[in-house]
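**Student:** Structure incoming, see below.
The values are calculated or read from the model by the stated rules, or taken from the named source; none is laboratory data. For clarity, every value in this text was computed on a predicted model and none was experimentally measured. We place every Cβ from the backbone using ideal geometry, glycine too, and count neighbours over all the protein chains shown. Accessible surface areas use protein heavy atoms only, side chains included; no ligands, DNA or RNA. Shrake-Rupley method; radii C 1.70, N 1.55, O 1.52, S 1.80 Å.
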Amino acid sequence: MEQWLIENLGSDGSRLSGGVRLLIVLIIIVVSFVAYFIVKYAAIPVVQKIVRQTETQWDDILLSERVCRSFSHIVPPVIMLIALPYALKGPFEVIVERLLQVYITFTVCCFISTFMRGIFDVFVHVKEHKAGSLKGILQTFQIIVWFVGIILMVSTLMGRSPLYLITGLLSASVVMMLIFQDTIKGLVAGIQLAINDMVRVDDWISIPARGVNGIVTEMTLSTIKIQNFDKTILTVQPYALLSETFQNWRGMKESDGRCFTRGINVDVDSIRFLTADEVEEYQQAGYLPPTAQAGEATNLEAYRGAIYKYLSAKPEINSKMTLMVRHLPQTAEGIPVQIYAFTFSKEWEVFEEIQARMLEYMLARAQEFGIRPYQRRSDAH
């Protein structure tokens, strides 16, 4: 029987008919995906169930669903690579084999990168390391993995040794760096900006040194396009954001309010102690605490209390966030009394209107408490 199979089919299946080969290919593909689903929906849940029953946390992170799912993608191409040569012969076999090798390399790089991320999470959550000190190391290793993976994938498609490709890259690297230095710097900067999530399209950023204050509308390897609020459009290189200080307002947009600070300078000569009747009046109004006493409480304290009560009752102000009416260190222009609060609205026009009304209210109420805003007098007679 064995001799008959060899004589009629060949020891490696070289005498199979086209229809039989196609059938075998289909069977191999079906088997590969069946193995994938078995690993993903049977083996992985069992492994995770066992892992969750352990007392340690590091194995839960290293064998998380994300890591296991990444590993499951390696199974189908490996089975195909092993079995398809028995059904495919000639140039088509070489093409399919190279494509499978490239895909296997890609999935292995994805798995290693994901596994490294798991190791990073172990150090952060289990070992209680600071993420900032380890993130750069993680990114460096991930870049190395993908650099090696890309070289292997390209060399596989070319049918050359990886050393041949590396030698060629080293020879051309100097010329490429001179010709494409802006593109290379932009690419590196773009990767860093993306990995660190420093800026995105639709972010509001400001770069005072470059007159930038607007919304990011487009990001490419060589430029970042920003539309200023005056509708002018500026472009900067991605590496400029790494080499210079810039401000991203995304945190404000994602928070529950937008901070504003407005205030007036109070003339020191207008500050005085309150009488007993004034203390009682302002306590009843809720401007002073019950412990306030005549000869200790000042009209500036009552004034700050009145402004605070007004702010905390305004529906535009988010009183659940920081809300203060404070005075800053004294200057030659008096004592700065400042509102520090957050508005619910983050729209520019509404935000500016709220700020203006708060400042106007501060100025209007000052006279009621005998507070005199500082105003520089002219020496001319």
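**Student:** Inside the range 265-281, can you point out the residues that are farther than 16 Å from Gly305 by Cβ and surrounded by 14 or more Cβ atoms within 10 Å (Cβ to Cβ)?
**Tutor:** Asn265, Asp267, Ser270
**Student:** Surrounded by fewer than 16 Cβ atoms within 10 Å (Cβ to Cβ), hydrophobic (A, V, I, L, M, F, W, C) and either touching a residue at least 24 places away in the same chain (Cβ under 8 Å) or not in a helix (DSSP H, G or I) (or both): which single residue out of Ala341, Ala294 fits that description?
**Tutor:** After ruling out the rest, the residue left standing is Ala294.
**Student:** Counting only residues that are touching a Phe, Trp or Tyr at 6+ places or on another chain (Cβ under 7 Å), crowded, with 17+ Cβ neighbours inside 10 Å and polar (S, T, N, Q), how many does the range 237-264 have?
**Tutor:** 0
Let's see how each residue does on (1) under 19 Å from the mean Cα position of the chain (by Cα); (2) among the aliphatic types (A, V, I, L, M); (3) in a loop (DSSP other than H, G, I, E, B); (4) at negative phi:
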| site | (1), (2), (3), (4) |
| --- | --- |
| Thr217 | yes, no, no, yes |
| Gln227 | no, no, no, yes |
| Lys231 | no, no, yes, no |
| Leu242 | yes, yes, no, yes |
| Gly251 | yes, no, no, yes |
| Cys259 | no, no, no, yes |
| Asp269 | no, no, no, yes |
| Val279 | no, yes, no, yes |
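**Student:** Condition check: within 25 Å of Ser345 (Cβ to Cβ), surrounded by 13 or more Cβ atoms within 10 Å (Cβ to Cβ) and modelled with pLDDT of 80 or more. Does Ile224 satisfy that?
**Tutor:** no
**Student:** Restricting attention to the range 127-149, and to residues there that are more than 20 Å from the chain's Cα centre (by Cα) and either farther than 21 Å from Phe71 by Cβ or among the basic types (Lys, Arg) (or both), which single residue is modelled with the highest pLDDT?
**Tutor:** Taking the candidates together, the pick is Phe147.
**Student:** Additional query: If we keep just the residues of the range 297-338 that are in contact with a Phe, Trp or Tyr (Cβ under 8 Å, 6 or more places away or on another chain), assigned to a strand (DSSP E or B) and of a type outside the set (A, V, I, L, M), which is most open to solvent (accessible area, probe 1.4 Å)?
**Tutor:** Arg326
**Student:** Exactly one condition in (1) more than 30 Å from Ile317 (Cα to Cα); (2) in contact with a helix residue (DSSP H, G or I) (Cβ under 8 Å, 6 or more places away or on another chain); (3) surrounded by fewer than 14 Cβ atoms within 10 Å (Cβ to Cβ) is false for Phe229; which is it?
**Tutor:** In the conditions (1) more than 30 Å from Ile317 (Cα to Cα); (2) in contact with a helix residue (DSSP H, G or I) (Cβ under 8 Å, 6 or more places away or on another chain); (3) surrounded by fewer than 14 Cβ atoms within 10 Å (Cβ to Cβ), Phe229 misses (1) alone.
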